[in-house]
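Since every read-out is calculated from the coordinates, none of them should be taken as a lab result. Fair warning: this is a prediction, and the values are worked out from it, not measured in the lab. No Cβ is skipped: glycine too gets one built from the backbone with ideal geometry, and neighbour counts run over all protein chains shown.
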Amino acid sequence: MGASQSTPATPATTPVATTPVNRQDETPVEAPAKDGRGGEGSEVPNTFRPRYLYYRLYQADGAIESRSPAYFHDHFLGRILSKAVTPPHTAASLKNYISKIEGFPGADIYSSLTSPTALNDGARVAIMSYSGPGSYEKEPMFLLFKSAERRPSSGFPPPSVTLENPANSQYIHYRFYNKDGETPSKTCFDEEDTALGRILALSIAPPFNVASLRRRLVRAEGITENSKSLQLFENLSSDAPMNDSDDIPLLTDRYPGRTVDEPMAFIIRDSSSLIPEPPEVPTDQYPGHTADELMEPPKTLTHFIFKFKAISSFDSPQDHPIWLRVVKGEILTSDGVEIKMADFRKRTFNGYMMRNSAGEEGFVLHSVIVYLY
């Protein structure tokens, strides 16, 4: 590809948010690629190369899927065309456009994942410059929502289901413990070692410190936030837990838990933290059973593209005919949309609509399966 082209300098009297870039071997990705590596093809003259802006969405407990993903395998990296943003290009106009695309109102916007403070609404942002903020997928801008409401699912697997991502497969590995020993993790990926979990490193909301990582793990494990009873150790040989303010250098290759062989330790000292948060009731909840009436079963699903494996057996009770009986070790397929199903006592449970090898379909609890691919 051709060399990067810079835009005319902005007058010195106008503050502009920029991110210094000092590379000679990278240029912005020209078009979306299915493999996420940028692909190969004919060169596009600089004059006609589109300027994309890359960004990530976060709330306090972790990443949010983008409705404008850059790649098919990474739904948390968003991308827009810079020319679509209304001039003048300020932080406010950029936030307005991304908020419209993503369906979330109100956010703080930061020029990079390492920025300590948000941009002021009136700050100019050089989004048409090929070296400006968000011009590289590895150095995206990010938006932080203080109270983002859950949107109806887009059909992508939820954050707790980790997709293989060849271009960005950096994880934080950890072992999950209570006071009596190891306990199964909801993010386990090895059926022979269910206490070993992992999350995508960039699913943690900035700033990258222990407090932010703990909030992300609380969300992944579906437990109650209680900072006094939850502890993180840098590795299994550590003598003392880490402090909330300790940095986690995720943008380097030296952060804790980077490899399977050297996981962090996530410990619950108080068993009350194992009680899950009261579940949210989504607007697109599949009908289930209520105390008053038998609801209609969900529509037959057509896109069973994600594979899961049962890590324990589950016998569907008679009062749950929509629920699917599963046997430990069997392979199941799903559309990847995590839903909530209500039982006759009006209790709700997280899980997926799934199909087994016999073609039978039904609801399966999240806790009895592990994602394969």
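Residue exposure proxy: Lys95, Lys186, Lys179, ordered by other Cβ atoms within 10 angstrom of their Cβ from fewest to most, comes out as Lys179, Lys186, Lys95. Of Leu232, Leu113, the sequence from fewest to most neighbouring Cβ atoms within 10 angstrom is Leu113, Leu232. On the basis of the beta-carbon distance and an R0 of 56 Å, Ala358 and Met128 show a calculated FRET efficiency of 0.50.
In region 90-118, whose amide N lies under 16 Å from the spot 7 Å out along Cα-to-Cβ of Leu251? List them in ranges. Inside the label zone: 109-118. Subtracting the Cα-Cα distance of Glu191 and Ser367 from their residue separation scaled by 0.36 nm leaves 62.1 nm. Annotation for Ser68 and Asp315: the two label points, set 7 Å from Cα along the Cα-Cβ direction, are 5.3 nm apart.
Pairs to check: Lys83/Lys340; Lys186/Lys228; Lys228/Lys328. Give those whose C-alpha atoms are more than 32 Å from each other in this structure.
Details: Lys83/Lys340 40 Å; Lys186/Lys228 22 Å; Lys228/Lys328 36 Å.
The answer is Lys83/Lys340; Lys228/Lys328.
At full extension, Asp108 and Asn96 could sit 3.2 nm farther apart than now, given 0.36 nm per residue minus the alpha carbon distance. Measuring between their Cα centroids, region 191-253 and region 170-185 lie 10 Å from each other. The stretch between Thr183 and Asn120, if pulled fully straight at 0.36 nm per residue, gains 18.2 nm over its current Cα-Cα span.
Once Rg and the Kirkwood radius are both taken over the C-alpha atoms of region 171-274, their ratio Rg/Rh works out to 0.92.
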